[in-house]
Amino acid sequence: MKVSWFHRYGDPEVLVCEDAPKPVPGPGEAVVRVRAVGINHVDLDVRAGTSRVPLRFPHILGREFAGEVAALGDTAGAYREGDRVWVSCRLPCATCEFCMSGRDNLCERGGYFGMDLPGGYAEYVKVPLSTLQPLAASMSFEAAAASQIAFGTAWHVLINRGGLRAGHTVLIQAAGSGIGSAAVQVAKLAGARVIATAGSDEKLALARSLGADDLINYRSNENFAAQVLELTGGKGADVIMEHIGGKVFTQSLACLRTDGTMVTVGAHAGEVVPLDIIPFFRKQLRLIGSKNATTLELRQVMNDVAEGRLKPVIHASLPLEEAAQAHRIVGSRDIFGKVVLIP
């Protein structure tokens, strides 16, 4: 089979398309014929060696993918060869306190495809049967590969961690990213007023088409906090989704209204920032960290996509052989939505 993998850390050029043995399923396993795999920014971090995740080379990236069951290790079960499926991006242990309480996204014993387990940058992937999820006939493979992590993370950040509800005003940072474009839709589905930021007027226009109510270009208007306060009559936002870090993180705190909540889920622009504690107790603010979604939340958003309530935005679909170019596109940030590889 063909696989795009890398034998050492480095720039996108270390990704090479080569032949590898086709996996064979054992008991409790299936082999999935990958039809589409989504690229996430964490793929770039793992490839570059900045993610602090130990790897065995050669390594296959790809956390979210969809396709068809190509082979089964067990003859009896819920799935048959040819079934359309999407694969849950994470393999929880199912026995720890977090898994037992429905918070399997916090499981420390399991693994992630593309990190601990071989991922979807391949024609075939061997997966545990427990990670298979039925793919609705109404959803394309590309849509499935572009939806799981973006919508799942946005849902977990806004609804679960941020407590977003109808009538709230939410500030979505970097609305042109995969998670940002997903968050605009999740927030509108929840009935919130959405203030979206992006680095170009073109991206803001696309965010408007997804339902954003107010738009801020943070490149031409660096003091976006003043604009948020102006748009909210001096009150600020009820909820903020911040996934950039650095100065954006610091300035975002000034956009919170009294008793507001900011959820942070990324920090590529700066992991260490100065923090003024005074506003937190004077305004009773909440700063909350967040990971990706639970399995139940993933099923929820994928159902919403299947039924048309959420629609993934795909910037580009490239063949598996062009994985390096796909990484360049994602790394350039000159995108709106997700990039997908097609084995």
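The values are calculated or read from the model by the stated rules, or taken from the named source; none is laboratory data. Computed from a prediction, not measured in an experiment: that's the story for all the values here. Every residue, glycine as well, gets a Cβ built from its backbone with ideal geometry; the counts of neighbours run over all protein chains shown.
Before moving on, here are some points about what is shown:
- Looking only at region 50-80, and only at residues there that are surrounded by fewer than 14 Cβ atoms within 10 Å (Cβ to Cβ) and not charged (D, E, K, R), the one that is farthest from Pro21 (Cα to Cα): Thr50
- Residues of region 253-277 satisfying the condition of being more than 19 Å from the chain's Cα centre (by Cα), at pLDDT 90 or above and more than 22 Å from Ala166 (Cβ to Cβ): Leu253, Ala254
- Gln148 being in a strand (DSSP E or B), closer than 20 Å to Val32 by Cβ and not hydroxyl-bearing (Ser, Thr, Tyr): no
- Test for Pro274: is it within 24 Å of Ala144 (Cβ to Cβ) and not hydrophobic (A, V, I, L, M, F, W, C): no
- Which listed residue, of Ala175, Ala225, Ala182, is outside any loop (DSSP other than H, G, I, E, B), under 20 Å from the mean Cα position of the chain (by Cα) and among the hydrophobic types (A, V, I, L, M, F, W, C): Ala182
- Selected residue (criterion: surrounded by the most Cβ atoms within 10 Å (Cβ to Cβ)) from residues of region 101-149 that are touching a Cys at 6+ places or on another chain (Cβ under 9 Å) and of a type in the set (D, E, K, R): Asp104
- So Val46, is it surrounded by fewer than 20 Cβ atoms within 10 Å (Cβ to Cβ), in contact (Cβ under 8 Å) with a residue 60 or more places away in the chain and more than 17 Å from Thr131 (Cα to Cα): no
- Asp83 vs. criteria surrounded by fewer than 18 Cβ atoms within 10 Å (Cβ to Cβ), out of contact with any Gly (no Cβ under 8 Å at 6 or more places or on another chain) and among the acidic types (Asp, Glu): yes
- Whether a residue is surrounded by 15 or more Cβ atoms within 10 Å (Cβ to Cβ), more than 26 Å from Asp238 (Cα to Cα) and either more than 15 Å from the chain's Cα centre (by Cα) or hydrophobic (A, V, I, L, M, F, W, C) (or both) was assessed, and Ser332 does not pass this test.
- Of everything listed in (1) at pLDDT 95 or above; (2) surrounded by 16 or more Cβ atoms within 10 Å (Cβ to Cβ); (3) of a type outside the set (Val, Ile, Thr); (4) farther than 19 Å from Glu202 by Cβ, the single unmet condition for Leu285 is (1).
- Criterion applied to Ala316, Ala324 was being in a helix (DSSP H, G or I), modelled with pLDDT of 95 or more and under 30 Å from Val14 (Cβ atoms), and the one residue passing it is Ala324.
- Residue ID - surrounded by the most Cβ atoms within 10 Å (Cβ to Cβ), chosen from residues in region 163-172 that are of a type outside the set (Gly, Ala, Ser) and either part of a loop (DSSP other than H, G, I, E, B) or free of Cβ contacts under 8 Å to residues at least 60 places away in the same chain (or both): Leu164
- Matching residues, region 259-284, being among the hydrophobic types (A, V, I, L, M, F, W, C) and in contact with a strand residue (DSSP E or B) (Cβ under 8 Å, 6 or more places away or on another chain): Met262, Val263, Val265, Phe280
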